[in-house]
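The structure under discussion appears below in the form of structure tokens.
The values are calculated or read from the model by the stated rules, or taken from the named source; none is laboratory data. Bear in mind the structure is a predicted one, so any value in this text is a computation, not a measurement. Methodologically, a virtual Cβ is constructed for each residue, glycine included, from the backbone with ideal geometry; neighbour enumeration extends over all protein chains shown. To get the accessible areas, we keep the full protein, side chains included, count just its heavy atoms, and leave off ligands, DNA and RNA. Shrake-Rupley method; radii C 1.70, N 1.55, O 1.52, S 1.80 Å.
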Amino acid sequence: MAEQQSKPSSFKLSEDWLATIVGLIIVLIVGVGVLGPGPQTAKLTTAAGESTGLEVLARDDWKVTATVGGEKSKIAAPYTNLESGKTYAYECRDGQILPLAEVVDTTTREDADKAYISLLNNCDAKVVLTYQTDLAIRWPIFGLFTESK
Amino acid sequence: MAVNQAAVKSSPVQKESNAVAVKWGGLFAGAVLLLLLTVLVAELDDWIAFTFKEHDVTQNPLEYPLTAVVIGLIANGLLRVTNLYHHIKPAIRTELFLKVGLVILGARISLDDLVTTGTGGLIQALIMVASVFLFSWWLGGKLKLNPTLRAVMASAVSICGVSAAIAAAGSVLARKEEVTYVTALVIIVALPMMVLMPPIAHAIGLPDDVAGAWFGGNIDTTAAVVGAGTIFSDEAQEVAAIVKLGQNVMIGFVAFALALYFATVVEKNKEGARKPSVSMIWQRFPKFVIGFVLVSILVSANAFSPEIVKELNSANKWIFALAFVAIGLDFHVSSIKEMGWRPVGVFMGATVFNTALALLVAWLIFGVLGF
């Protein structure tokens, strides 16, 4: 038994370095949106009498807000769950933003894996329609505490 | 055959593997429990805020650190009564959770703020650490505490509680019981201070930054500092954390100075006395501060969109909630009983001195000089 038995050396990371690495990994995961598409914002702005459109990620639980002439405007039943390849149209009429009832299937479009929002401004002021998702990673993880704050 | 089975049952290898399984099982169970308690805190926090809102109180006066500590304390009591506490103990890593949270907190603090507040924080830390350390050391001498306990206690009160106590103990070769004792005192005193100081700061009308600097300069544990800041306001939380980090940075220098003092004065002729080296400053440096500054630089360089920063803040809150639950779970009083009243007197005297001086220094640096 000439062979010497050496104790296996074990590498131990200090708590400070471990905390730094874990913290930076969380920043990376949330920052790059590794676990999801990350928070999204899509803004459609149209001058009076004009129309515009925008491709957005097809996903659920969008928050929709709008302003007409700089004033907040409530939209009755906006489209919040968007499917890929569909076009969701809005029209501003008599100072109100209205979702048009007909959702058009436009799967032949080049970027058909996304949804498309269009806005026709028949009002006499500038209209801004904003689509937002605020959670990179959804509820039971990082969405905690956000509802009440 | 039966004999063989008995031999296998009692073999050291089998015992060791059972112990490892129990340890990992406890760690896993503890982690799951902590996670569930934190989710409970989040849900309760939402419910409490909603209830206050329904009664026209828009700002929830019971901020989540309080809820988290109370939930942690209740779970602590239940686990001890049912003898399950020691199983889940390995998962209670308060300091680790807090340090992770502080790294992510960097997302909330721009580099400009970090430099401005950090400069004020470092000035305050230098004044506070030197004054409170020397006062505690002097008081400990008057009440005839032994030098190692004086060193551990003075470091804990003047710098940052548990981490400083451990670092100082390493420098002066203090006994394990002394560290346990000081650690228990630190936690027992920090918890009520976390709860009481924010309403006191409100009552005496302190602005956010002065209140934050007061909490950061005075409360011993970083977790309780962040908790008190959070209860007061977002700005107070940021300033409190930066000031406390400034004090944390001092650990290495104090550990080095203590080792030098004990080697050359207290234990001059004692065998086995530790030889101090400058590398000790780096060894004791709180490395997570590097992560904190790095995240702050990334956010200041607009590496992340405002939505992402909002998400990072949410993640930060989540980690802090986990740390606050762990504070409640960590709380214990048993090791205090054995040491008598004199060390408690020194600790309380030093804490009162620390509280008064921190208020004055915070007011001068952040209120008058405007850092």
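Listed by position, the helices (runs of 4 or more DSSP H) enclosed by the stretch B:79-174 include none that has at least 2 residues that are within 14 Å of chain A (Cβ to nearest Cβ) and without any contact (Cβ under 8 Å) to a residue 12 or more places away in the chain.
Screening B:Asp112 on (1) assigned by TED's automatic domain parsing to the domain that holds B:Val226; (2) under 21 Å from the mean Cα position of the chain (by Cα) shows it passes everything except condition (2). B:His87 meets all of the listed conditions (1) in the same structural domain as B:Cys160 (by TED's automatic domain parsing); (2) open to solvent by 10 Å² or more (accessible area, probe 1.4 Å); (3) touching a helix residue (DSSP H, G or I) at 6+ places or on another chain (Cβ under 6 Å) but one, namely (1).
Evaluating B:Leu40 against the criteria (1) closer than 19 Å to B:Ala224 by Cα; (2) assigned to a helix (DSSP H, G or I); (3) open to solvent by 70 Å² or more (accessible area, probe 1.4 Å); (4) of a type outside the set (Lys, Arg) leaves one unmet condition, (1).
Based on what the data block shows, is B:Arg175 open to solvent by 10 Å² or more (accessible area, probe 1.4 Å), among the basic types (Lys, Arg) and out of contact with any helix residue (DSSP H, G or I) (no Cβ under 6 Å at 6 or more places or on another chain)? Against the criterion (open to solvent by 10 Å² or more (accessible area, probe 1.4 Å), among the basic types (Lys, Arg) and out of contact with any helix residue (DSSP H, G or I) (no Cβ under 6 Å at 6 or more places or on another chain)), B:Arg175 qualifies. Within the span defined as the stretch A:17-30, one or more residues are at pLDDT 60 or above, under 14 Å from the mean Cα position of the chain (by Cα) and assigned to a helix (DSSP H, G or I). The set of residues from the stretch B:189-248 being within 13 Å of the chain's Cα centre (by Cα) and among the charged types (D, E, K, R) comprises B:Asp220, B:Lys244. Suppose we filter the stretch B:308-323 for residues that are open to solvent by less than 20 Å² (accessible area, probe 1.4 Å) and within 7 Å of another protein chain (Cβ to nearest Cβ); how many remain? Total satisfying the criteria: 5.
Per-residue answers, yes or no, for (1) in contact with a helix residue (DSSP H, G or I) (Cβ under 7 Å, 6 or more places away or on another chain); (2) within 20 Å of A:Gly23 (Cβ to Cβ); (3) not assigned by TED's automatic domain parsing to the domain that holds B:Ser305:
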site	(1), (2), (3)
B:Val22	no, no, yes
B:Leu35	no, yes, yes
B:Leu40	yes, no, yes
B:Leu62	yes, no, yes
B:Gly77	no, no, yes
B:Ile104	yes, yes, no
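If only residues of the stretch B:104-127 that are more than 27 Å from B:Thr355 (Cα to Cα) and open to solvent by less than 30 Å² (accessible area, probe 1.4 Å) are counted, the one that is modelled with the lowest pLDDT is B:Ala107. Within the stretch B:283-301, the set of residues being in a helix (DSSP H, G or I), modelled with pLDDT of 80 or more and open to solvent by 70 Å² or more (accessible area, probe 1.4 Å) comprises B:Ile290, B:Leu294, B:Ile297.
Here is a yes/no grid of residues against (1) surrounded by fewer than 19 Cβ atoms within 10 Å (Cβ to Cβ); (2) away from chain A (no Cβ under 14 Å); (3) not aliphatic (A, V, I, L, M):
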{"residue": "B:Ala203", "(1), (2), (3)": "yes, yes, no"}
{"residue": "B:Ala211", "(1), (2), (3)": "no, yes, no"}
{"residue": "B:Ala236", "(1), (2), (3)": "no, yes, no"}
{"residue": "B:Phe253", "(1), (2), (3)": "yes, yes, yes"}
{"residue": "B:Ala303", "(1), (2), (3)": "yes, no, no"}
{"residue": "B:Pro306", "(1), (2), (3)": "yes, no, yes"}
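Does the stretch B:50-70 contain at least one residue that is under 30 Å from B:Ser300 (Cα atoms) and in a helix (DSSP H, G or I)? Within the stretch B:50-70 (the criterion being under 30 Å from B:Ser300 (Cα atoms) and in a helix (DSSP H, G or I)), the answer is yes, since at least one residue qualifies.
Against the definition (on the phi < 0 side of the Ramachandran plot, within 14 Å of chain B (Cβ to nearest Cβ) and open to solvent by 30 Å² or more (accessible area, probe 1.4 Å)), how does A:Leu24 come out, yes or no? Here the answer is yes, as A:Leu24 does meet what is asked.
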